[in-house]
Amino acid sequence: MFTDEALDSVSIQSQWRKSQQSAQESRGCQTKAVHRAEAEIQTVSTTITGTQTEPRHQATEQLLQQNHNELESPGLKDFLQRVEDRVIRELVRNAKSHAFDGFQVNWEDHSSLVSCLHRLQHPSAVERGLHVTSVSWSCTGAVIACCGSYFTERSYVCTWNLDRRGLNPKQADLVFDTPTAVTALSCHPNQPALIAVGLYSGEVLVWDTSRTQDPILVQSGMSADSHREPVYQVAWVPLQKKGEFGVLSASSGGRVLLWTLDSDQGRLVLIDAYALVRQQVPHSSCTGSSTVGVTSLALSPWDSDTFLVAPTEGHSVTLRAPAVFSFRPRSGPVHSVHCSPFHRNLFVSAGTDGLAHIHSLLQANPLLSLRVSDSYVFQVQWSPTRPLVFAAATGQGEVQIFDLGRRSLRPAAIIEPGGVGQAATCLAFNCQNHNLLAVGKTDGTVGVWQLSGDLMEQKPRESSQLEQIANQAVG
């Protein structure tokens, strides 16, 4: 039924392969040859030319003679010959004179000697009418701390960093509340975060401003050995152990206490105490208590064991455990004393009599007295750069800057009050940025003033002039 049959094969050529091969073409591309050429040039020769006028010698003499005859006044030659010897003698005499040694002409306008940079304030303190009682600069010179108080009310301690970008004068960088009035503060001389504080209650604190949650590093507490009256001043004192500082505090109760910091226990440890008794104050009118209150103290930069205290009775006493010398009584309490940083025996004091007295530690009577104000003088301080310059804050609101090197005893510059009845209660020179002066006032504001170079740059022979003042003898 089925049989095998052989058939021829059938092939079909691929049209796709053939179409692809026909679409392929060879192409080529090449850039044209780049032609390069080198060329140079050089000057072959140089030429220098010049010209000069050369008038004839004879013509020049005739011209000078003609001008001489025209300018010479009748009798001028005879007058010059007559006074020549006298003028020469005076010129030689002036060349040997020292009357104007160190004199420098000041072309600055008097008002430009000081200028206000910032007027700092804490709104709550201003609203409550708190007075600025103390100002202090940090050891870096960038941060200023101030305290405001009004008797026993709660008060504040505020700090501003003047180098901070976007400084807000009406908003402090840090604000610390205190349960009672702050009467004194002092920044640490080496550690910018530490501030010693004295309270109206008699307590002494040290704050660490880097600890925002709990800034109190150590505190004295209230005990039988601590102050029981308002602390009027606190200061950092170098201790015998190298690199360590203690806190010296003075109160209206007459006690001057030296504390050391025990940060582990969180307390100030009393290591030394002084009391100003009535027998150490000549002509004392104090009755009842055996001690005399202290309103101010000043450390000697030359001797860490010596410091000055100002009793409430208007004296100044040198304390060297115990007191070794007393100065002439004043007509009222002394508010401020400050030792000269340029002479070991000189200090300045001021108080309710409106005078600033320059004293020597070697004699009871003042070397020099200057009328500063018809009102109180709350603080005086020597300039850190000018041996003959000091500033005084007055109850009239002015801050007067005196230069003892001037012939006149009138102020070299005056910082005018910002308003009527606003006393200047405190001031502080900046020991790093020497041209800055901070002034605290009773309206709760702190002014930062820039001083000119004339008030800050030491003049020639200024130290020798200070030595001459110190060597004056008062009968």
Worksheet item: Taking region 399-414 as the search range and keeping residues that are farther than 22 Å from H335 by Cα and of a type in the set (D, E, K, R), which one is most open to solvent (accessible area, probe 1.4 Å)?
Response: R407
Worksheet item: If you scan region 154-165, which residues turn out to be at pLDDT 90 or above and not in a strand (DSSP E or B)?
Response: L162, D163
Discussion item. Need the failing condition index for G50 against (1) of a type outside the set (D, E); (2) modelled with pLDDT under 65; (3) not in a helix (DSSP H, G or I), just the number.
Written reply: (2)
Fill in: Leading residue by the ranking (farthest from the chain's Cα centre (by Cα)) among those in region 369-379 that are surrounded by 15 or more Cβ atoms within 10 Å (Cβ to Cβ) and of a type outside the set (S, T, Y)
L370
Worksheet item: G419 versus (1) at pLDDT 90 or above; (2) outside any strand (DSSP E or B); (3) more than 28 Å from N365 (Cα to Cα); (4) open to solvent by less than 30 Å² (accessible area, probe 1.4 Å): which is the lone unmet condition?
Response: (1)
Discussion item. Could you check region 129-185 and list, in sequence order, the residues that are surrounded by fewer than 20 Cβ atoms within 10 Å (Cβ to Cβ), within 20 Å of A424 (Cα to Cα) and either in contact (Cβ under 8 Å) with a residue 60 or more places away in the chain or touching a Pro at 6+ places or on another chain (Cβ under 7 Å) (or both)?
Written reply: G129, K170
Practice prompt. State the number of residues belonging to region 355-373 that are among the hydrophobic types (A, V, I, L, M, F, W, C) and within 18 Å of S300 (Cα to Cα).
Written response: 4
Worksheet item: What about L455, is it assigned to a strand (DSSP E or B) and either open to solvent by less than 20 Å² (accessible area, probe 1.4 Å) or of a type in the set (A, V, I, L, M, F, W, C) (or both)?
Response: no
Worksheet item: Is region 186-204 home to any residue that is out of contact with any Phe, Trp or Tyr (no Cβ under 6 Å at 6 or more places or on another chain), exposed (fewer than 14 other Cβ atoms within 10 Å of the Cβ) and not in a strand (DSSP E or B)?
Response: yes
Worksheet entry | Subset of region 127-180 [in contact with a Ser or Thr (Cβ under 9 Å, 6 or more places away or on another chain) and among the small types (G, A, S)] | G129, S134, S136, S138, A145, G148, S149, S155, A172
Fill in: Options Q468, Q396: the member that is surrounded by fewer than 21 Cβ atoms within 10 Å (Cβ to Cβ) and under 20 Å from T352 (Cα atoms)
Q396
Discussion item. So, S226, is that one open to solvent by less than 10 Å² (accessible area, probe 1.4 Å), assigned to a strand (DSSP E or B) and among the polar types (S, T, N, Q) or not?
Written reply: no
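Conditions tested, residue by residue: (1) in a loop (DSSP other than H, G, I, E, B); (2) modelled with pLDDT of 90 or more; (3) under 26 Å from Q432 (Cα atoms).
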site: L167; (1), (2), (3): yes, yes, yes
site: V206; (1), (2), (3): no, yes, yes
site: R211; (1), (2), (3): yes, no, yes
site: M222; (1), (2), (3): yes, no, no
Response to the item:
Restricted to region 229-251 and to residues being surrounded by fewer than 21 Cβ atoms within 10 Å (Cβ to Cβ) and touching a Gly at 6+ places or on another chain (Cβ under 6 Å), the residue nearest to L299 (Cα to Cα) is V237
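The values are calculated or read from the model by the stated rules, or taken from the named source; none is laboratory data. Note that this is a predicted model, so its numbers are computed, not measured. When we count neighbours, we look across all protein chains shown, and the Cβ atoms used for this are built from the backbone with ideal geometry, even at glycine. All accessible areas refer to the heavy atoms of the entire protein, side chains included, with ligands and DNA or RNA removed. Shrake-Rupley method; radii C 1.70, N 1.55, O 1.52, S 1.80 Å.
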